[in-house]
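One structure is given below, encoded as C-alpha cells.
The values are calculated or read from the model by the stated rules, or taken from the named source; none is laboratory data. Since the structure is predicted, the reported quantities are computational estimates derived from the model, not experimental observations. Reconstructed Cβ throughout: ideal geometry from the backbone, glycine too, with neighbour counts over all protein chains shown. All accessible areas refer to the heavy atoms of the entire protein, side chains included, with ligands and DNA or RNA removed. Shrake-Rupley method; radii C 1.70, N 1.55, O 1.52, S 1.80 Å.
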Amino acid sequence: MSDIRERITRRIAQELKDGEVVNLGIGMPTMVADYISDDIDITLQTENGFVGVGPTPPEGEEDPDIVNAGGQPVTIKDGGACFDSATSFTIIRGGHLDTTVLGALQVDEKGNLANWMIPGKLVPGMGGAMDLTVGAKQVIVATTHTTKKGDPKILKECDLPLTAAGEVDMIVTELAVIKITDKGLFLTEIAEGTSVEEVKARTGAKLKVSTDLKTFK
Amino acid sequence: MAKLVNKDKIKSLFADEQSLMVGGFIESGVPAELIKILLDSGARDLTLIANDTGFDDKTFGQLVVEKRLKKAIVSHIGTNRETGKQMNAGELEVELTPQGTLIEQIRAGGAGLGGILTQTGIGTTVAEDQRIIEVDGEDYILARPLQADIALVKAWKADKKGNLIYRYAARNFNPIVATAADIVIVEADEILEVGEIDSNQVMTPGLFVDYILEK
C-alpha cells in the first residue's frame, strides 16, 4: 500500500509547475509535497488559513497554532502568510489556486467527483472539498484504481452523492494516468508492469487510449 | 465601557436556545475557556455555527457530548463521532455546509449583506431546496447571511479596548465570527494595556468586541 501511495503521489508531483499555488487534500494527497522537485517553487495553501506549508516538525516541536486542514502539525516556511478563513476561500474560489489534489470514493467520465459521504454509513461532511473542486483551476484526483474489494472507483457515472459536477481534470492511480476531456476518459500513461488490458478491466468506464501512450514508474 | 470581565459575568450572558458562533478549526484557535464557562452555565438547546464540532474527547466537542446543542451548522463532523451518532438518532439537527460558503455566510451576516452567490455545491445535494440565481448565464446558489446571539472568539493578544491579534493558523474563523453576533466575547492568551498593540498590527478592531475574559 505504501508503494502504491508513493507511486501515485510521486507521479502527481510531476504535474505541478513552477510558481503554482497548490492545495493538497487530507490523507494521500498530502504526500505529494514529499516529491515536489527542488527545481520548482510551489506555494502550498491550506484552507484553514495560510500559505507556505512546510514539512512536519520534529517530535516535540509541534505548535498547536500551526496545523494543516486535517489538524496535523506542520510548519510555515519563510515567506509564508497567515489569514482568516474568508481570505482562504477567496484564494480558493476566486481563481487564485492553480491546482488541488483530492482523494476520491468515486470519479466518473464526466469529471464528477464523489468523496464526501456514503449515505447511511459515513457522513463526515464536505469541509472545504466542494469549494476546492469548484474553485481550483486544475483538479487532480489521487486514488487507488479500485476499492479494497476490487470494485472500480472510476465509473461511467458516480452513484454516491457528488462533491462537484464536471470539475475533475485528471486521475492518477497506481495503474494509470487518465485525463478527462469533453470526449470522455483518455488513458495517457500506464504504470510499469501493467497493461492496457488490465487497466481497462479494472475501470468501470470506457477508456480511449492515447496514440502516444507512455509508462510511469 | 469596561470590556474586561470575570467568569461570572460571562456565565450570566448565556441562556437556553441561543445561537452561538464559535471560532476555531478542529482544535486550533478554539476558545476553550469560554466553552468551559458555557458548559458550566447549563445553557442548552443551543444552535452552534462553527467550522466543525471538534473532538468528542476535548473541550469544544463536549457541547455535543453533553447534549447542549439542538442544531449545528458546520462543514465537518468527522472528528467527533458523537455528532454523527446524535444526528443519526434524530437528537441533533446537523446542517452540513461547504466551508467556503459557511464563512461567506457569516461574513455576509457581519457585513450587512443580503447573502452571497456561489457556484460551490451546484450539481450536488447541497443545491437542493436552495434558490438558484442565474448571472450572465451561470447558475449560483444563494447562500443567506448568518448571524448569532453570541460569538466566542480566541485571540492571541487583546488590548483592553478589544483590539485583537491572532496567531498563525489559529486565526481561521475567529475574526469573521467576531463581526456577526450581537454579543462578542473574547478569550486571549495575553491581555495588554491600550496602546500596547500597534495600530498597524490589529486584525480585529476593538469596536466589534463587547467582553474580554480576564486572566
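With θ taken as phi - 60° and the coefficients 6.51, -1.76 and 1.60, list the Karplus ³J(HN,Hα) couplings across segment A:189-195 in order, rounded to whole Hz; mark glycine and proline as x.
8, 10, 6, 4, x, 10, 9
Assigning unit charges at the beta carbon (Lys, Arg +1; Asp, Glu -1) and nothing else, what dipole magnitude in debye, to the nearest 20, does segment B:4-213 show about its Cα centre?
Taking the Cα centre of segment B:4-213 as origin, the dipole is about 400 debye.
Using a 10 Å cut-off on Cβ to Cβ distances, tally the other chain neighbours for every residue of B:114-120 and report the average as a whole number.
Averaged over the peptide's residues, the number is 4.
So for segment B:4-213: antiparallel DSSP bridges make up what percent, rounded to the nearest 5?
Of the beta bridges lying entirely in segment B:4-213, close to 30 percent run antiparallel.
Quick check: from the Cα gyration tensor, does segment B:78-160 come out rounded (a/c under 1.5), prolate or oblate? Mind showing how you got there, number by number?
On the way: a/c = 2.40, a/b = 1.16, b/c = 2.07.
Oblate shape, in that a/c is at least 1.5 and b/c is the bigger or equal ratio.
GNM on chain B, C-alpha springs below 10 Å: top fluctuator among B:ASP57, B:ASP136, B:ASP159?
B:ASP136
Averaged across A:157-164, how many Cβ atoms of other chains sit within 10 Å of each residue's Cβ atom?
Taking all residues of A:157-164 together, the mean is 3.
Working with all protein chains in place, sort B:SER28, B:SER199 by solvent-accessible area computed with a 1.4 Å probe, largest first.
From most accessible down to least: B:SER199, B:SER28.
Using the eigenvalues of the Cα gyration tensor, what equivalent ellipsoid semi-axes result for segment B:129-200 when each is taken as the square root of five times the eigenvalue, whole Å, largest first?
35, 14, 10
Based on the Cα coordinates of segment A:120-193, what is the per residue volume of their convex hull in Å³? Please report the intermediate quantities before stating the final value.
Values: hull volume 8.6 nm³, N = 74.
Here the figure is 116 Å³ per residue.
State, to one decimal in nm², a quarter of the convex hull surface area for the C-alpha atoms of segment A:2-216, i.e. the direction-averaged projected area.
Working: hull surface 50.5 nm².
So the mean shadow area of the Cα hull is 12.6 nm².
Would you work out which of B:ALA50, B:GLY23, A:LEU185 lies farthest towards the positive end of the dipole of the protein assembly as shown? Charges go on Cβ: Lys and Arg +1, Asp and Glu -1.
The Cα lying farthest towards the positive end belongs to A:LEU185.
Name the residues whose placed amide hydrogens come within less than 5 Å of the amide hydrogen of B:ALA188, ignoring near sequence neighbours (fewer than 5 apart) on the same chain.
B:ALA155, B:LEU213
From the C-alpha gyration tensor of segment A:1-73, pull out the three semi-axes of the equivalent ellipsoid (sqrt of 5λ each), sorted largest to smallest, in whole Å. Spell out each step's value before the answer.
Working: eigenvalues 83, 49, 25 Å².
So the equivalent ellipsoid measures 20, 16, 11 Å along its semi-axes.
How are the alpha carbon pair distances in segment B:93-215 distributed across 5 Å bins from zero to the largest one, expressed in percent?
It works out to 2, 11, 19, 18, 15, 11, 9, 7, 5, 2, 0, in whole percents.
Return one number: the angle in degrees, 0 to 90 and rounded to the nearest 10, between the long axis of the Cα atoms of helix A:2-13 and the longest principal axis of the Cα atoms of chain A.
Approximately 80 degrees, to the nearest 10.
Can you tell me how much longer the chain between B:ASP16 and B:ASP57 gets when fully stretched, taken as 0.36 nm per residue apart minus their C-alpha distance, in nm with one decimal?
My answer for the length gained is 12.4 nm.
Take chain B, connect every pair of alpha-carbon atoms lying under 10 Å apart with a spring to form a Gaussian network, then pick out the residue of B:GLU138, B:GLU17, B:GLU196 with the largest mean-square fluctuation.
B:GLU138
Can you put A:ASP34, A:ASP131, A:ASP151, B:ASP149 in order of accessible area, largest first, using a 1.4 Å probe?
A:ASP34, A:ASP151, B:ASP149, A:ASP131
Beyond 35 Å, what percent of the Cα pairs of the protein assembly as shown remain?
Of all Cα-Cα distances in the protein assembly as shown, 31 percent exceed 35 Å.
In angstroms, what radius of gyration and Dmax does segment B:1-66 have, counting Cα atoms only?
Reported Rg and Dmax, both Å: 11.8, 37.
Counting each DSSP H run of 4 or more residues in chain B as -39500 (n - 2.57), what helix-only mean residue ellipticity at 222 nm follows after dividing by all residues, to the nearest 500 deg cm²/dmol? Numbers along the way, then the final one.
Numbers: 6 runs with 44 residues, N = 215.
Counting only the DSSP helices, I get -5500 deg cm²/dmol.
Express as a percent, rounded to the nearest 5, the fraction of DSSP beta bridges in segment A:2-216 (both residues included) that run antiparallel.
On the way: 21 of 43 bridges.
Of the beta bridges lying entirely in segment A:2-216, close to 50 percent run antiparallel.
How do B:LYS11, A:LYS121, A:LYS214 rank by accessible surface area computed with a 1.4 Å probe, from largest to smallest?
Putting B:LYS11, A:LYS121, A:LYS214 in descending order of accessible area: A:LYS121, A:LYS214, B:LYS11.
Rounded to the nearest 500 deg cm²/dmol, what is the calculated helix-only ellipticity per residue at 222 nm for chain A, with -39500 (n - 2.57) per DSSP H run of length n ≥ 4?
Estimated from H runs of four or more residues: -4500 deg cm²/dmol.
Excluding residues fewer than 8 places away in the same chain, name every one of the lysines whose C-alpha is closer than 30 Å to that of A:LYS121.
Within reach: A:LYS110, A:LYS148, A:LYS149, A:LYS153, A:LYS156, A:LYS200, A:LYS206, B:LYS58, B:LYS67, B:LYS70, B:LYS71, B:LYS85.
With chain A treated as a Gaussian network of Cα nodes joined by springs under 10 Å, which of A:GLY71, A:GLY54, A:GLY79 yields the largest mean-square fluctuation?
A:GLY79
Taking the dipole about the Cα centre of chain A, with the C-beta of Lys and Arg at +1 and of Asp and Glu at -1, give me whichever of A:ILE40, A:THR173, A:PRO55 is farthest to the positive side.
Final value for the positive-end residue is A:THR173.
Name the residues whose placed amide hydrogens come within less than 5 Å of the amide hydrogen of B:MET21, ignoring near sequence neighbours (fewer than 5 apart) on the same chain.
B:ILE49, B:ILE150, B:ALA151, B:LEU152
Treating only the Cβ atoms of Lys and Arg (+1) and Asp and Glu (-1) as charged, compute the dipole magnitude of the protein assembly as shown about its Cα centre; round to the nearest 20 debye.
Working: 45 positive and 66 negative charges, 162 e Å.
Charge dipole, the protein assembly as shown, about its Cα centre: 780 debye, nearest 20.
Spelling out what I want: for every residue of segment A:88-98, take phi, set θ = phi - 60°, compute 6.51 cos²θ - 1.76 cosθ + 1.60 (Karplus), and round to whole Hz; glycine and proline get x.
Each residue of segment A:88-98 in turn: 4, 7, 5, 4, 5, 8, x, x, 9, 9, 6 Hz.
Return the sequence-ordered ³J(HN,Hα) values of segment B:61-71 in whole Hz as given by the Karplus equation 6.51 cos²θ - 1.76 cosθ + 1.60 applied to θ = phi - 60°, using x for Gly and Pro.
x, 5, 4, 7, 4, 8, 6, 8, 9, 9, 8
Quick one: which residues, 5 or more positions from A:VAL209 or on another chain, have an amide H under 5 Å from its amide H? H modelled 1.01 Å from N in the peptide plane, none for Pro or chain starts.
Hits under the 5 Å cutoff: A:LEU187.
May I ask for log10 I(q)/I(0) of segment B:4-213 at q = 0.12 Å⁻¹, from a Debye sum over the Cα atoms as equal point scatterers with solvent left out?
-0.61
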